[in-house]
Amino acid sequence: MKMSETKGTQGCHPGSVYRVGVQSDADPDYHMNCLLRRQQAFAPPQFEPGAETIERLRDTHVLVVGAGGLGCEVLKCLCLSGFRRLDVIDMDTIHVTNLHRQFLFREKHVGRPKAQVAAEALNAQYAHLRVHVTGHVGRLEEKDEAFYRQFQIIVAGLDSVEARRWLNATVHSLAETDQNGDVELQSCIPLLDGGSEGLKGQARCIFPFVTSCFECSLQSFPPQTSYPLCTLAETPRLPEHCIEYAMIVLWTQQFPDREFDGDNPEHLQWLYERAKQRAETFGIQGVTYRLTLGVTKRIIPAVASTNAIIAAMLVEEALKIATFCVCSSHDARIAGIDTHSSSAPPSSSPPSSSPSSSSSSAHASTSGRSSERKKLDSPFHGDRGHVTPLPSPSASSVSCDDASSASLSHDRDEEPPQEGQKRLRGRGAAANAEGTEEAPGETRREESSEGPPSELSGVQNYIMYMGETGVYTHTFEYAKNPDCVVCSGRGAVKKVVDPDETSLQDLLELLSQDPALNLKGPGISSATAVLFLQKPPQLRQQLETNLRKSLRELADSGMLKEGEELLVTDVALPSTLRLRLFFEKPASV
């Protein structure tokens, strides 16, 4: 039986324009037609069923970052969900250990770039769906802004915190502002970030300057495991000790001018052989190539079923963003729906709560479902042709709780919007501006008050999956960090230091140890001089003399001024971080 269109109110929902019949193998769009060419009970007012919505989905240009276990699943699901314009970028090559979970690759592909092979496999496997996938081999930071601006949605399946930080900051830097300093939401590119760890995983939606960003949750990530060098050299007890020793000591001794590359199979093979020899010397069992790979890249073994679940979550959100076919409390705010509950006054503040079974609960807050809906203008506008997130009046009123923010040692300069503070242009902009004027401590105390939630506190943009002892998911809002260096837009980081006792080296270490910044190798410059840079090596050697100087000496020599805006660069951030130093006043005698 063939599906047929109807113009009446036939079917289960008034105004349906498509009647479901028996599935035909000759119709590859059967499921998309059922979903996008009929009225849906849970669709927002912006959803317009019909062929135009399907065409919009097909024209949506999506970038998938990472072609590993999660990336392969995401690419497959995107192809099967109606997306046709796909790009994938990855710098890695295929190793034999990838084949058991990265199903797009075969043994004959070992040694070839993942992005290139993934594109070839998808174009061949889904040719009947007229899918066009383009592969890009290289690092993320090698691409310019024009490359990222061509996409309407970015889906990331990265296994590196540093790479995710960089991509998150880049997406936020692409947002444009008008002459009043308001963020043009039409220029914002949604970022869907996912990750898996054994039988656990997470997916989140990041709408620049509307929801919390990846940097807001940076403190929830545990520090990477490290071992004391004395243990590695003198009393190794674990196979991991032997691998770490071979990587840190033996490699440096053998190749002093060559940096170890964890993505190079030859480097990994050399490391594995040396670690195995050392393990045999100390009578330690368990050094394998897989363990060597895990230690050098800090990898937890991936599970194919977890990747499939997380990929499905990410692609579902991409489909909702591109078509508005379904609207839940997850994206009610983004859909522009009135989120105030009819059972409570909208002026009351939403309390915060911590979700169970998650280390990420520091920024979580509860929310309920909307009971009223107000139809707004269609969000499909602008030259990008994709949806424009619409903020709610409470978009910036939610901050992190005391547990996560107690360790923050820096403050923000309150500056006029035209000098750097990001404001959302559109509905709720005034309320957003008012929310940023409150002191962070006052906001947190107000939100921690007891009582039932009175309104949606924001977009429920974070979902956790736990599959170790069962199957459990939990969706909540990961609230914005008011001191986030990426999305808060509240001015420069402010530090108060003792200029006589603090050297430039001490200042850089202070920035690196700040959990809210988590910098790796910062460089710093003022309006009059470059104080220190990590690269190139020749310039670093020339500027190393400044590291021993106190801030007072640098100020007296005219290289910096108290209160001026210093620019800090770091490999973890694509743009500069603004820093203002204030000197402690000497104690009066």
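List of remarks:
- Selection count where residues are basic (Lys, Arg) and either crowded, with 21+ Cβ neighbours inside 10 Å or over 20 Å from the mean Cα position of the chain (by Cα) (or both), scope the stretch 491-521: 2
- Single match in Met32, Met3 (criterion: touching a helix residue (DSSP H, G or I) at 6+ places or on another chain (Cβ under 8 Å), modelled with pLDDT under 80 and not charged (D, E, K, R)): Met3
- Here Glu73 fulfils each of the conditions (1) touching a strand residue (DSSP E or B) at 6+ places or on another chain (Cβ under 7 Å); (2) part of a helix (DSSP H, G or I) apart from (1).
- Considering residues of the stretch 263-272 that are at pLDDT 85 or above and not polar (S, T, N, Q) only, the residue surrounded by the most Cβ atoms within 10 Å (Cβ to Cβ): Leu271
- Subset of the stretch 535-563 [exposed (fewer than 14 other Cβ atoms within 10 Å of the Cβ) and assigned to a loop (DSSP other than H, G, I, E, B)]: Lys535, Pro536, Ser557, Gly558, Glu562, Gly563
- Number of positions in the stretch 59-93 that are of a type in the set (Val, Ile, Thr) and either within 18 Å of Ile309 (Cα to Cα) or modelled with pLDDT under 90 (or both): 4
- Among (1) touching a helix residue (DSSP H, G or I) at 6+ places or on another chain (Cβ under 8 Å); (2) surrounded by fewer than 21 Cβ atoms within 10 Å (Cβ to Cβ), the one test that Leu104 misses: (2)
- Some residue of the stretch 180-190 being of a type outside the set (Lys, Arg), touching a Pro at 6+ places or on another chain (Cβ under 6 Å), at pLDDT 85 or above and buried (at least 23 other Cβ atoms within 10 Å of the Cβ): yes
- No other residue among Ile321, Ile310 is crowded, with 18+ Cβ neighbours inside 10 Å, part of a helix (DSSP H, G or I), of a type in the set (Val, Ile, Thr) and at pLDDT 95 or above apart from Ile310.
The values are calculated or read from the model by the stated rules, or taken from the named source; none is laboratory data. Given the structure is predicted, the values throughout are model-derived calculations rather than measurements. Here Cβ is always computed from backbone atoms with ideal geometry, including for glycine, and neighbour counts include all displayed protein chains.
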